[in-house]
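Have a look at the structure below, then the notes.
The values are calculated or read from the model by the stated rules, or taken from the named source; none is laboratory data. Quick caveat, the model's predicted, so the values are computed rather than measured. Because the Cβ atoms are built from the backbone with ideal geometry, glycine has one as well, and the counts that use them run over all protein chains shown. Keep in mind that these areas ignore ligands, DNA and RNA; they rest on the heavy atoms of the full protein, side chains included. Shrake-Rupley method; radii C 1.70, N 1.55, O 1.52, S 1.80 Å.
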Amino acid sequence: MNNFKALGFHERSNKIRWAEALEGYKVILAERGMQWEPWQEFTGWKDEYEDDGTTDSYKRYFVHCDRCNGLAMVDYRLRCLHCFPPEAKISDLEVELIIFLEAQGIKDLKQSFRCLYVCKTNPQEIDIYNPEHKIGLEVDSAYFHNAGIKPQGYHQKKTQLALKQGIKLYHIWDFDYWKNQNLIKSMLLNIFNKTPNKLNAKDLIIKQPTPQEAIRFLSINHLHGVDRPSTYQSGLYTKDNELVMLITVAKDGELLRLATKKFTIVRGGFSRLFKSLKDKIKYTYAYEDLTPDPQDSVYVKSGLFEYKRTTQPSLLYYNESLQKVEPRQTYQKHKMKEMFGDYDNQPVNQFLLSKKIFPIYTTGNHYYEVKK
């Protein structure tokens, strides 16, 4: 699915003739399960009256929507106004995720569903919720979920509250999605047990990858890319010599990366990879930040590791201009004057927001240790 923000679609389409822009719209609509109605051509501008008496004029287009199986209008964001009315206040990213999951056969996705209860008078919403699997998705924006708006423990506490009610809540940051759409989609399919390619570890060949292979594989197939240099690596390969699963371990025993080729799962892969390195490593531990329930982790399910604790949320910074997540040490107060000539001792996070550098708190990590 195309990313309008990254491609600057609207900006470019304003500079070309309407007929040319229409062809681009049709392609994107088709990807979203909508067909342009040729007899309902561009209808001009429609005025919407706001509460303050002003008008908001924007283009409306007519389509046939597969989702609601009827004729509907779409606005400049190219989303069905019957399925996703403006008053619903659902983000474009949430719309993209819902449409993608429905195309994979995952139905009954509830939007802004108030199913988390601290008490009966204080319900909280999950952005996207599937009651069949009891899985929730929180779509976190760096802008609206920065540390000035959401407190340090917000994301972790919401995840833990959901788990107490039997709901597995996964967090998707907008900057991760816009940068790694296919990787996020692969993770979602795995969460809903819809991964299309399934392999058995016993049918694969185990060997050590070259440093170049490992770097290339992690940059494509791991959300956080390459970590600090590893001492030990082990990979699973097909008979055609294609690397499909990789594990890397540091000299001190930290399991740095575990990655599988996108849209693929390898049954028994982690156990086989870890056992191939076990004799070389005296002690092993691992951190994980993606599984709401640590008992669902591949580390625990393998029978090789045990869950020990959950760490406190970490402070990170998302630099919008660099499109990069950076550690908190990057913007320590004593470094600010050297980095920014106009810094004048104001609160660091407040100043960074003016530079579109967003302080964000993670959900924390689960910590595991190898069984003795």
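Given R₀ = 30 Å, FRET efficiency for GLN35-ARG328 by Cβ-Cβ distance, to 0.05? With a Förster radius of 30 Å, E is 0.05.
In a simple Cβ point-charge model (Lys, Arg +1; Asp, Glu -1; nothing else charged), the chain has a dipole of about 1880 debye relative to its Cα centre. As a size descriptor, the averaged projected area of the C-alpha convex hull of region 290-350 was calculated at 6.5 nm².
Annotation note: chymotrypsin sites (Phe, Trp or Tyr not before Pro) in region 139-179 located in DSSP loop regions with a Cβ neighbour count of at most 16 within 10 Å are TYR143, PHE144. Residues of region 162-188 with an amide N closer than 20 Å to a point placed 7 Å from the Cα of HIS224 along the Cα-to-Cβ direction: 169-188.
Dividing the summed helix terms, -39500 (n - 2.57) for each DSSP H run of n ≥ 4, by the number of residues in the chain produces a 222 nm estimate of -7500 deg cm²/dmol to the nearest 500. For the pair ILE215 and LYS371 in one chain, pulling the backbone fully straight at 0.36 nm per residue adds 53.3 nm over the alpha carbon distance. Each residue of region 139-147 was assigned a 3J(HN,Hα) from its phi angle through the Karplus expression (A = 6.51, B = -1.76, C = 1.60, θ = phi - 60°), giving 9, 9, 8, 4, 6, 8, 10, 6, 5 Hz with x at Gly and Pro.
Stokes-Einstein D for the chain at 4 °C, 1.567 mPa s, Kirkwood Rh over Cα pairs, in µm²/s? Roughly 55 µm²/s, to the nearest whole number.
Hey, could you get me the Stokes-Einstein D for region 121-261, Kirkwood radius over alpha-carbon pairs, 20 °C and 1.002 mPa s, rounded to whole µm² s⁻¹? Rounded, D is 122 µm²/s.
Hydrodynamic estimate: the Kirkwood radius of region 84-145 over Cα pairs, inserted into Stokes-Einstein at 20 °C and 1.002 mPa s, corresponds to D of 171 µm²/s. The label point for THR121 and the one for LYS134, both projected 7 Å from the Cα toward the Cβ, are 2.9 nm apart. Each residue was assigned an accessible area with a 1.4 Å probe, and for MET73 the value is about 60 Å². Straight-line reach from LYS371: taking Cα to Cα under 21 Å and skipping same-chain neighbours fewer than 8 places apart, the lysines in range are LYS251, LYS275, LYS278, LYS280, LYS282, LYS301, LYS308.
Springs between Cα atoms under 10 Å define the GNM used for the chain, and in it the highest mean-square fluctuation of LEU183, LEU97, LEU199 occurs at LEU199.
When the P(r) of region 189-322 is calculated, the portion above 23 Å amounts to 34% of the C-alpha pairs. Here the calculated FRET efficiency for ASP66 and LYS251, from their Cβ-Cβ distance with R0 = 51 Å, stands at 0.45, rounded to the nearest 0.05. Once region 163-228 is represented by equal point scatterers at the alpha-carbon sites, with solvent omitted, what log10 I(q)/I(0) does the Debye formula produce at q = 0.16, 0.26 Å⁻¹? So the normalised log intensities work out to -0.79, -1.18. Please build a GNM for the chain, connecting alpha carbons under 10 Å apart, and tell me which residue among GLY24, GLY153, GLY225 fluctuates the most. Taking springs between Cα atoms under 10 Å, the residue moving most is GLY24.
Surface listing: THR284, THR291 arranged by accessible area from highest to lowest gives THR291, THR284, probe 1.4 Å.
For region 264-321, chymotrypsin sites (Phe, Trp or Tyr not before Pro) are listed when DSSP marks them as loop and at most 15 other Cβ atoms sit within 10 Å of their Cβ; the list is TYR283.
For region 204-313, GluC sites (Glu not before Pro) meeting the loop criterion (DSSP other than H, G, I, E, B) and having at most 14 other Cβ atoms within 10 Å: GLU242.
Pairwise alpha-carbon distances in region 248-372 exceed 17 Å for 67% of all pairs. Surface listing: CYS119, CYS80 arranged by accessible area from highest to lowest gives CYS119, CYS80, probe 1.4 Å.
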